Amino acid sequence: MCYSIPGKVISINDNAALLDYFGEKKEALVDVEDIKSGDYVFAQGGVIVQKLGEDEAQSILAGWEELFFKLQEKDRILSEENPPPLNPLPPGEGKQSAFPPPLTGGGEACPEHSRRGEGGLDILPILQKNRAGETLTKDELLSLLKCDNKEELALLYKTANSIRHKIHKNASCVHGIIEFSNYCKNDCAYCGIRSENRNIERYRMGVDEIVNEVVSAVNNYGFKAFVLQSGEDSYFTTERLVEIISRIRKSVGVLLILSIGERDLECYRELYDAGARGVLIRFETASPSLYSSIHTTLQYENRLTLLKGVKDIGYLIATGSLIGLPGQSEEDILNDILFAHSLNTEMYSFGPLIPHPDTPLAGSHAVSLDAMLKMIAVTRLITQDGNILVTSAVEKLFGKEGVRQALMAGGNSMMINLTPEKYGRLYSIYPGKGDGSGNIRGKITETLSLLHSLGRAPMDVGM
């Protein structure tokens, strides 16, 4: 089973190709040699990662075509179920950007705004305004995050899903992830693999083992995008990481995304030159005071400098924050969304805090499902064309039904953990993180079954 549908190259302009997917047109950068009009390719993250022969492509497309259009129709029907009516704009009001100017990290908080029924705003006109392409004020966005009326929340989620469908159609991304080391030099207050945790069994995979696992997953399961994740482990020097990336890229066509923590920009330049194309690194919170409360070894400004630096190198950026940190307010959450947007993020990764018993935040309370869904939905209203990841932490905390609801609230991306079973349970950044690792085919079947039930297909070239 393949987690990307082949596209046909319609035209090439400089280093950008226009691809056709059953009539849908998408652009992608050319990152492999000898690509020309008429070729069939796999693309991920807006990057062509592999060329394939016409016979192979036609065989895959023949198996997809009937299913694709059935899924597309199902998604269309689900996305059109009771979105808010689109009222005409008042005279004199033109179309503008659908989000306010982004805040910088640590910028002023949005003004306090009460919930509807306590002097707050009715969210229906806010959603109508958003659908009309009008700018939402920070006060209006905050009102959405503070809403606790179930009927209004259902309308918010349906609006976000309608926007997701309008921009992405029924495309959803499915990436693989391998967590290759749980050694970490940092002491993040929320994380189970923090350096001060003496109750964890440590591991690191060897270079050959990492390469073999990725190549096997690409060849045997059809993954076209892969995240390589670890704690901040100094054993994996730039040279070792370059070797891993180079060997993988020489063996298979795949988009490689790195989640390896704070390295210097020269390291990231060398890894980009070796073939890595994406970076997943959360800023965790846009509030400097909250950031300092959960870190002893990391500095807020360094994280922001790194994110901007890797963007300048050319990496695709996946980033976001934690929801449920002690002392975090709705204003903080809105600032997180706006800050992520200001970074020109390709993938938004917002995850709920799941308190780990071996951390200083062991006694924290987990967030509600609605808190998570509201963040996803408001992110969709703000970013519209971004890709929003439904994280494994959402599934751990809220189950498959929580994942389904997150996908129906504007989410359009998932990951399947392919870490070998003997290591999966040890990468315990939160309790039970590795439960069920090793049952790869079962996880693939469950994920595709869920996506198909919602009319989604993994055909896009986005992250």
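Remarks
- Among the residues of region 236-243, at least one is of a type in the set (Val, Ile, Thr), assigned by TED's automatic domain parsing to the domain that holds Glu270 and free of Cβ contacts under 8 Å to residues at least 12 places away in the same chain.
- Residue satisfying all of: in region 192-227; touching a Leu at 6+ places or on another chain (Cβ under 9 Å) and closer than 17 Å to Ser392 by Cα; surrounded by the fewest Cβ atoms within 10 Å (Cβ to Cβ) among these: Val227
- Residue list for region 13-53, restricted to those being acidic (Asp, Glu) and at pLDDT below 95: Asp14, Asp20, Glu24, Glu27, Asp31, Glu33, Asp34
- Selection count, region 2-39, where residues are surrounded by 12 or more Cβ atoms within 10 Å (Cβ to Cβ), of a type in the set (D, E, K, R) and either in contact with a strand residue (DSSP E or B) (Cβ under 6 Å, 6 or more places away or on another chain) or without any contact (Cβ under 8 Å) to a residue 60 or more places away in the chain (or both): 6
- Flag if Ser59 is among the small types (Gly, Ala, Ser), part of a strand (DSSP E or B), within 29 Å of Glu73 (Cα to Cα) and more than 25 Å from the chain's Cα centre (by Cα): no
- Residue within region 141-149 that is over 23 Å from Asp336 (Cα atoms) and either among the aromatic types (Phe, Trp, Tyr) or buried (at least 21 other Cβ atoms within 10 Å of the Cβ) (or both) present: no
- The requirement of being within 30 Å of Val215 (Cα to Cα) and assigned to a loop (DSSP other than H, G, I, E, B) is fulfilled nowhere in region 70-83; no residue meets it.
- Residue within region 352-364 that is within 20 Å of Leu144 (Cβ to Cβ), assigned by TED's automatic domain parsing to the domain that holds Leu290 and touching a Ser or Thr at 6+ places or on another chain (Cβ under 9 Å) present: yes
- Condition check for Lys422: surrounded by fewer than 19 Cβ atoms within 10 Å (Cβ to Cβ), over 25 Å from Val218 (Cβ atoms) and not acidic (Asp, Glu): no
- Scanning region 402-451 for residues that are assigned to a loop (DSSP other than H, G, I, E, B) and over 25 Å from Tyr203 (Cα atoms) yields Met408, Ala409, Gly410, Gly411, Asn412.
The values are calculated or read from the model by the stated rules, or taken from the named source; none is laboratory data. Since the model is a prediction, treat every value here as computed from it, not as a measurement. Note that we place each Cβ from the backbone using ideal geometry, even for glycine, and neighbour counts take in every protein chain shown.
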